[in-house]
Amino acid sequence: MEIIIDTVNLEEIKDAVEHMPIVGVTSNPSIVKATNPKDFFEHMREIRKIIGTERSLHIQVISKDCDTMVKEAHRILEEIDKQVYIKVPVSYEGIKAIKKLKAEGIHVTATAVYDLMQAYMALAAGADYIAPYVNRIGNLGSNPMELIQELSNRIMMDGYDSKIIAASFKGVQQVKDSINYGSHAITAPVGILKQIFANPSIEKAVDDFNKDWYSMYGEGKGICDL
């Protein structure tokens, strides 16, 4: 199970990596727009400095034709490093680009997946990660958990090395369901992941523990004060 954050906000990334077991950062043009960095490549290099090479960094191409997607991928790798996962939408031209990039040994995350056959195409093309858009699939009247489960079964039955990285969430329940139905990874906004800890029962439990402790040893006298 891999927990990845979907943001390019530097402060969010620093905070999330410091507090949670984050193993990577994903981005797309819309997420980049939300932060609107003046120098795109310098911003991405700064993210790499924060997360280190032990965590994955996923950066998306923006063109719609295969040849330009591949050129963009090469530029991204030149500007950042060779460990970047190139995000490629699973369109007709995108599948062609995925095949070319994988033939060069480049890490690829297949994104914008709405349908199981799309996912199977990305799987057969050799994508390292496959990203079904959970909330968007549900909004279109289909069942994203069924897609994740079927894809997970196919990966296991046929022995593929690809991983499912579920994306596009509106809340914690969708994240939890994605993991339970077989997603190897999830990428979510930091705000959604923080909601996991917003349960008032957690705070009450901690307060009750503290109250009992201080009733024995004196108000404000913690373990380090003994």
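Worth pointing out:
- Pairwise inverse Cα distances across the stretch 114-160, averaged and inverted, put the Kirkwood hydrodynamic radius at 10.8 Å.
- List Val172, Val84, ordered by accessible area with a 1.4 Å probe, largest first: Val172, Val84
- Note on the stretch 127-205: Cα-only Rg and Dmax are 14.1, 48 Å.
- Extension reserve of the Asp15-Lys64 stretch, reckoned as 0.36 nm per residue once the Cα distance is removed: 14.2 nm
- Within the accessible area of the chain (1.4 Å probe), percent carbon and sulfur: 52 percent
- In this structure Phe197 has an accessible area near 130 Å², from a 1.4 Å probe over the protein heavy atoms.
- Heavy-atom accessible area per residue - the stretch 112-162, 1.4 Å, Å²: 50 Å²
- Between 0 and 90 degrees, the angle of helix 40-51 with respect to the longest Cα principal axis of the chain falls at about 50 degrees.
- Helix 66-79 and the longest principal axis of the C-alpha atoms of the chain enclose an angle of approximately 50°.
- For Tyr85, Tyr160, the ranking by accessible surface with the largest value first comes to Tyr160, Tyr85, using a 1.4 Å probe.
- Label-point separation in nm, Asn180 to Asn210, each point 7 Å along Cα→Cβ: 3.2 nm
- The stretch 1-116: proportion of alpha-carbon pairs further apart than 25 angstrom, %: 20 percent
- The Kirkwood hydrodynamic radius of the stretch 78-132, based on inverse pair distances between different Cα atoms, is 10.9 Å.
- Heavy-atom accessible area ranking, 1.4 Å probe, most first, across His107, His58: His107, His58
- Kirkwood Rh and Cα Rg combined as Rg over Rh, evaluated for the chain: 1.07
- To the nearest 10, the accessible area of Asp158 is 80 Å² with a 1.4 Å probe.
- Helix 116-125 axis, angle to the chain major axis (alpha carbon atoms, nearest 10°): 70 degrees
The values are calculated or read from the model by the stated rules, or taken from the named source; none is laboratory data. Please read all numbers here as calculations on a predicted model, not as lab measurements. For neighbour counting, all protein chains shown are included, and Cβ atoms are generated from backbone atoms with ideal geometry for every residue, glycine included. Accessible surface is based on the protein model in full, side chains and every heavy atom, while ligands, DNA and RNA are left aside. Shrake-Rupley method; radii C 1.70, N 1.55, O 1.52, S 1.80 Å.
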